[in-house]
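The values are calculated or read from the model by the stated rules, or taken from the named source; none is laboratory data. Since the model is a prediction, treat every value here as computed from it, not as a measurement. Glycine also receives a Cβ, built like all others from the backbone with ideal geometry; neighbour counts cover every protein chain displayed.
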2 protein chains.
Amino acid sequence: MTIKTYVIKKAREAKAAARKLAILPTATKNAALIGMAGALTARTEALLSANAKDLEEARHHKLSGALVDRLTLNPKRIGDMAAGLREVAALPDPVGRIVSEVRRPNGMRVVRTRVPIGVIGIVYESRPNVTADAAGLCLKAGNAVVLRGGSEAIHSNAAIVKVLSEAGAAAGLPKGCVAFLDSPDRRAVMEMLKLDGLIDLIIPRGGEGLMKTVTKNSRIPVIKHDKGLCHTYVDEDADLSMAQAICFNAKVQRPGTCNAMETLLVHEKIATVFLPKMIAEFQKAGVEIRGCPKTRAIVPGIKRANEKDWTTEYLDLILSVRVVKDMDAAMEHIARYGSQHSEAIITRDSVRSQRFLNEVDACAVFVNASTRLNDGYQFGLGAEIGISTSRIHARGPMGLEELTTTKYIVLGEGQLRE
Amino acid sequence: MTIKTYVIKKAREAKAAARKLAILPTATKNAALIGMAGALTARTEALLSANAKDLEEARHHKLSGALVDRLTLNPKRIGDMAAGLREVAALPDPVGRIVSEVRRPNGMRVVRTRVPIGVIGIVYESRPNVTADAAGLCLKAGNAVVLRGGSEAIHSNAAIVKVLSEAGAAAGLPKGCVAFLDSPDRRAVMEMLKLDGLIDLIIPRGGEGLMKTVTKNSRIPVIKHDKGLCHTYVDEDADLSMAQAICFNAKVQRPGTCNAMETLLVHEKIATVFLPKMIAEFQKAGVEIRGCPKTRAIVPGIKRANEKDWTTEYLDLILSVRVVKDMDAAMEHIARYGSQHSEAIITRDSVRSQRFLNEVDACAVFVNASTRLNDGYQFGLGAEIGISTSRIHARGPMGLEELTTTKYIVLGEGQLRE
């Protein structure tokens, strides 16, 4: 079987499964998710031994410690995957939810209701927990899923999908509803991206290279989970101790995430008071500071930030700092260098905060809070498949509802078009 | 200037304009739309003389009568464009509308609010009225627009855009917010589809070739307004006189539209009673009938329907007819041949109608009503830019709200990520 035939076969099975999944009762889907959770923990041994193969190859290929860590399964992580599936089972089912309902002058009732999207393709890099998380969310929203994980995790992912599929089938899910492309052939992704008649949506999760490949080659709609180059602007009217706590949290709490702060912008009026203490706290936590000329004049001895720093998502304990003339200059900087992800202003001035909220273009804009809070759980969505940086369909944290679409239902008594 | 440079220049101007448009007050946008409407009628002579150039070239290239008709402007059609802009001005502004608002356990308020998408690219074929309609809807929703109409209408479209731009600028709209690619070079579309950093959404309106070109080549998200291969299923429990009226309306009222019926499915139990009268009425209206073997046994002398008929969107006074064993067979036929556009069942049986509504996958599903009613005005959206056949972002009639996206606004008092 050629790689093309293989991918088409899997996608066809997923499409057939999607039609059945779309009309499954909520109880059946929930029972399946709970069954899958139980099966994952029950088969911990099998999962660990599959994972051991991936880890051995990772060592053989001399992958970095960080990558090996992301790849590693252990009983705790398997338990977390299972707990995630149980949480999704407990969430309300978005399918069938009524978005709007009107009675028109001609008497017909027009009801807009939530339905599954159909078949969702997930293209992701090495973390094997994504396999269970993404499959669980897609299934709960009534979608079949075609998974294509990184080749480093291929044995782990295949083992997880086998467990999920068997438990799903036992609970009455249609065959093929969790498809996994287990060929190491890299052309599998390219073939997948051509199947706009079979796959309805592609969600890529990973680095810049993956995003570019998918955006350039997909004939299927794409919702990107792309990078975050996030700023915090400390205004002249900020509560400086609050500002210090928020900025520290935004940078240090988990620097490798897309909603971590990469650049700190500080109003020139408070820079001489704020920056020395702030930078000292960062340096104590091991954060490397790269400053604009004014920052370096205030806090001597720090590295110079150059143009490239403003455009870099460090994902690390590095922070660029720029002193700005006013909020307009801060917003100009954000518009020019930001990635429309998570942007914050720290201020007590409500006129200025209102302007910042209105005028800054990002999937989430914060006043007096850490950009790290841009997250589906924090926002109350119950779960998230990621943070969409796309502007259409879903923007920001993407929960179960964003994994559905709508359908118009019209109830008539003989209405005609005049 | 190369065609690439030219398209990028226009898109950059549109992007700069979009940032300003996004925060314009509703009153300014409405005044601009009303000003544009007045300018279109005031400059009827100039528009007609530009249109005359297109019509002369159309005759020179021997375009069909139907195409020449679509292309033709006259004072009535110009008045209709102006009236359309005034109607859009009168609609509520979707920007700033609150989608949801929650207070989270940590005290932060999370508000999801509607914002413009940004820059919308419209690629369309010959009708010049689309230029004013699409620009008006996009602007009202706070978006800049890059228009690429069919080359047959290039003089008319350029003249319309000139009138709209001048009136818009006079009313305070930012320069470049209605961009028009007036180069006849066909590569302009291909260059446009590459600009995923500048254009946020592409809406193609036109035939199958255009849809394929755009889907295959766009790096920008696409919302398709694609074909409709729509069915009406007359159930064994249908009110047959209602069924006859609905089917006639669905086929004959305006056969060239995407929501017109192309295939009639009839339950075998009522076929002998229903079909002779129904088909006679169709034939009297000049509809050519192509039937399955059972249909032809009931009504002799009609043409045979072959496999190709089930997959053809006639857009004409032609109808394929198939007698089916039951509703499941009808739904199978629809799932196999339909385009998920507009599907109807005629029945008095509420259990069956409920199943049909649930199980048939389409952007709009009707009980006891004509598929021709799948329309933004009919559904109460106030206006529509078309009917989306995409499954994400907007599905079915696409109004002002579907020309926006959302942004999360978070109001905190020092909240951190734990």
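The residue pairs whose first member lies in segment B:35-57 and is more than 14 Å from B:Lys162 (Cβ to Cβ), whose second member is among the acidic types (Asp, Glu), and whose beta carbons are closer than 8 Å, counting only pairs six or more residues apart or on different chains, are B:Asp54/B:Glu152; B:Glu57/B:Glu152.
Per-residue answers, yes or no, for (1) at the interface with chain A (Cβ under 10 Å from one of its Cβ atoms); (2) without any contact (Cβ under 8 Å) to a residue 12 or more places away in the chain; (3) of a type in the set (Lys, Arg); (4) farther than 20 Å from A:Val115 by Cα:
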residue: B:Gly376; (1), (2), (3), (4): no, no, no, no
residue: B:Phe379; (1), (2), (3), (4): yes, no, no, no
residue: B:Gly382; (1), (2), (3), (4): no, no, no, yes
residue: B:Thr389; (1), (2), (3), (4): no, no, no, no
residue: B:Arg395; (1), (2), (3), (4): yes, no, yes, no
residue: B:Gly399; (1), (2), (3), (4): no, no, no, no
residue: B:Ile409; (1), (2), (3), (4): yes, no, no, yes
residue: B:Glu413; (1), (2), (3), (4): yes, no, no, yes
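Looking at A:Gly136, A:Gly121, A:Gly172, A:Gly168, just one residue is closer than 20 Å to A:Thr404 by Cβ, outside any helix (DSSP H, G or I), in contact with a Leu (Cβ under 9 Å, 6 or more places away or on another chain) and small (Gly, Ala, Ser), and that residue is A:Gly121.
For segment A:3-10, the criterion of being among the basic types (Lys, Arg) and either within 14 Å of another protein chain (Cβ to nearest Cβ) or without any contact (Cβ under 8 Å) to a residue 40 or more places away in the chain (or both) is satisfied by at least one residue. Set side by side, the residues B:Asn30, B:Asn74 differ, and just one is surrounded by 17 or more Cβ atoms within 10 Å (Cβ to Cβ) and within 24 Å of the chain's Cα centre (by Cα), which is B:Asn30. Exactly one residue among A:Ala243, A:Ala250, A:Ala297 is surrounded by fewer than 21 Cβ atoms within 10 Å (Cβ to Cβ), of a type outside the set (D, E, K, R), assigned to a helix (DSSP H, G or I) and at pLDDT 95 or above, and that residue is A:Ala297.
The residues listed here are B:Gly176, B:Gly197, B:Gly207, B:Gly256; of these, the one that is outside the structural domain of B:Thr295 (by TED's automatic domain parsing) and within 20 Å of the chain's Cα centre (by Cα) is B:Gly207.
Restricting attention to segment A:368-377, the residues that are out of contact with any Pro (no Cβ under 8 Å at 6 or more places or on another chain) and surrounded by 24 or more Cβ atoms within 10 Å (Cβ to Cβ) total 5.
Yes/no matrix, rows are residues, columns are (1) over 20 Å from B:Ala132 (Cα atoms); (2) within 14 Å of chain A (Cβ to nearest Cβ); (3) among the small types (Gly, Ala, Ser):
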position	(1), (2), (3)
B:Ile23	yes, yes, no
B:Leu33	no, no, no
B:Ala52	no, no, yes
B:Gly65	yes, no, yes
B:Leu71	no, no, no
B:Ile98	yes, yes, no
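Of all residues in segment A:185-197, those being surrounded by fewer than 23 Cβ atoms within 10 Å (Cβ to Cβ) and touching a strand residue (DSSP E or B) at 6+ places or on another chain (Cβ under 8 Å) number 2. For the criterion of being in the same structural domain as B:Pro255 (by TED's automatic domain parsing), over 20 Å from B:Lys269 (Cα atoms), assigned to a helix (DSSP H, G or I) and of a type in the set (Asp, Glu), B:Glu281 passes.
Here B:Ala134, B:Ala171 are screened, and the one residue that is in the same structural domain as B:Pro397 (by TED's automatic domain parsing) and in contact with a helix residue (DSSP H, G or I) (Cβ under 9 Å, 6 or more places away or on another chain) is B:Ala171. Selection of segment A:315-346 for residues being within 25 Å of the chain's Cα centre (by Cα) and of a type in the set (Gly, Ala, Ser) yields A:Ser320, A:Ala335, A:Gly338, A:Ser339, A:Ser342, A:Ala344.
Evaluation of A:Ala50 against the conditions (1) in contact with a His (Cβ under 7 Å, 6 or more places away or on another chain); (2) on the phi > 0 side of the Ramachandran plot shows that the sole unmet condition is (2).
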